[in-house]
Amino acid sequence: MAVAIVTGASRGLGRALAAALAGEGWDLVLDARNAGALEDAAGQARARGTRVVAVPGDVTDAAHRARLVAAARELGGLDLLVSNASALGAEPLVRLDALPLAGLRTALETNAVAALGLVQEALPLLRASGYGGTVIVVSSDAAVEAYETWGGYGASKAALDRLAAVLGVEEPGLRVWSVDPGDMRTDLYAAAVPDDDDPRPAPETVVPAFLRLLRERPVSGRCTASSLLEADA
């Protein structure tokens, strides 16, 4: 049975993706900071009939990252690592002239540094995967477009994109995809722009794009969920 780690799995895209992977028969190791919300998400995934291990903690903690990989090892290995956990750096978002440098450090530490740290911890298992070791990092259009107030978050996601691109070159035996899921109705977006009342699509609507990547396994690279969904239409 294939095994996946999904970070930030207690809500939003991470939770929706975990439930979908469980429905596809994946065994899961799930991470989030809120233990209660994480266990609720794990229960939803377990209802699909697969093994699910919930490991609450913060991905910026090296010991926690080691526990995630150890849990995957106990399930039989690791075939897929999804780095979805994210931090905004400021809630709500602010212009760069008001962005606390501590907030920028938090965004970079969570969105880029911790993601690389988890890859480094997981690489031996990913390289040994019989399924084909895969890394997915969840990016943002703010990584490539200049949106007012999104500078700190966008910079952290741009760094994540570059790390993923180089990892794909350095590890040709793996598939490494950076995926921009587009706008979604999530707690993260609500915290970023609390006054925006435009309706946004639910995270579940973009999950088929991730499943398509896993099914077709194109070459490593950056892609958008919208392009993958359009191609499926």
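The values are calculated or read from the model by the stated rules, or taken from the named source; none is laboratory data. Just so we're clear, the structure is a prediction, and the values are computed from it rather than from any experiment. Note that we place each Cβ from the backbone using ideal geometry, even for glycine, and neighbour counts take in every protein chain shown.
I'd like the full set of residues that are among the basic types (K, R) and closer than 25 Å to R215 by Cα, limited to segment 46-82.
Answer for segment 46-82, where residues must be among the basic types (K, R) and closer than 25 Å to R215 by Cα: R46, R48, R51, R73.
Output the number of residues of segment 1-14 satisfying the condition of being more than 12 Å from the chain's Cα centre (by Cα) and part of a loop (DSSP other than H, G, I, E, B).
2
What's the total number of residues in segment 42-68 that are in a helix (DSSP H, G or I) and either touching a residue at least 12 places away in the same chain (Cβ under 8 Å) or among the hydroxyl-bearing types (S, T, Y) (or both)?
Going through segment 42-68 one residue at a time, the tally reaches 10.
Checking L214 against (1) under 15 Å from V82 (Cβ atoms); (2) touching a helix residue (DSSP H, G or I) at 6+ places or on another chain (Cβ under 6 Å); (3) among the hydrophobic types (A, V, I, L, M, F, W, C), which single condition isn't satisfied?
The one condition L214 does not meet is (2).
Assuming A122 fulfils every condition listed in (1) in a helix (DSSP H, G or I); (2) without any contact (Cβ under 8 Å) to a residue 60 or more places away in the chain apart from one, which condition is it?
All conditions pass for A122, except number (2).
Considering only residues that are surrounded by fewer than 23 Cβ atoms within 10 Å (Cβ to Cβ) and at pLDDT 95 or above, which ones fall in segment 123-132?
Once the filter is applied, which keeps residues that are surrounded by fewer than 23 Cβ atoms within 10 Å (Cβ to Cβ) and at pLDDT 95 or above, segment 123-132 yields L123, P124, L125, R127, A128, S129.
Starting from segment 126-145, keep only residues that are on the phi > 0 side of the Ramachandran plot, then list their pairs with residues that are part of a loop (DSSP other than H, G, I, E, B) whose Cβ atoms are within a distance under 9 Å, requiring at least 6 positions of separation or different chains.
Cβ pairs passing all conditions: G132/D79; G132/G173; G132/L174; G132/R217.
Which of (1) in contact (Cβ under 8 Å) with a residue 60 or more places away in the chain; (2) hydrophobic (A, V, I, L, M, F, W, C); (3) over 22 Å from V94 (Cα atoms) does L160 not meet, given it meets every other one?
Of the numbered conditions (1) in contact (Cβ under 8 Å) with a residue 60 or more places away in the chain; (2) hydrophobic (A, V, I, L, M, F, W, C); (3) over 22 Å from V94 (Cα atoms), the odd one out for L160 is (3).
Under 9 Å between Cβ atoms, at least 6 apart or on separate chains: pull out the pairs that start in segment 95-119 with a residue that is on the phi > 0 side of the Ramachandran plot and surrounded by fewer than 17 Cβ atoms within 10 Å (Cβ to Cβ) and end on any residue that is of a type in the set (S, T, N, Q) and part of a helix (DSSP H, G or I).
Every condition considered, no pair remains.
Report, ordered by the first and then the second residue, all pairs with beta carbons closer than 8 Å, sequence separation of six or more or different chains, a first member in segment 1-22 that is at positive phi, and a second member that is assigned to a helix (DSSP H, G or I) and of a type in the set (D, E, K, R).
Matching pairs, first to second residue: G12/D187.
Only one of (1) in contact with a strand residue (DSSP E or B) (Cβ under 6 Å, 6 or more places away or on another chain); (2) free of Cβ contacts under 8 Å to residues at least 12 places away in the same chain fails for W177. Which number is that?
Going through the list (1) in contact with a strand residue (DSSP E or B) (Cβ under 6 Å, 6 or more places away or on another chain); (2) free of Cβ contacts under 8 Å to residues at least 12 places away in the same chain, W177 breaks only (2).
Could you check segment 20-35 and list, in sequence order, the residues that are out of contact with any Pro (no Cβ under 9 Å at 6 or more places or on another chain) and assigned to a helix (DSSP H, G or I)?
L21, A22, G23
Could you tell me whether L17 is in a helix (DSSP H, G or I) and more than 23 Å from L160 (Cα to Cα)?
No; evaluated as a whole, the condition is false for this residue.
Can you name the residue in segment 141-197 that is among the hydrophobic types (A, V, I, L, M, F, W, C) and assigned to a loop (DSSP other than H, G, I, E, B) and, of all such residues, is surrounded by the fewest Cβ atoms within 10 Å (Cβ to Cβ)?
My answer is A146.
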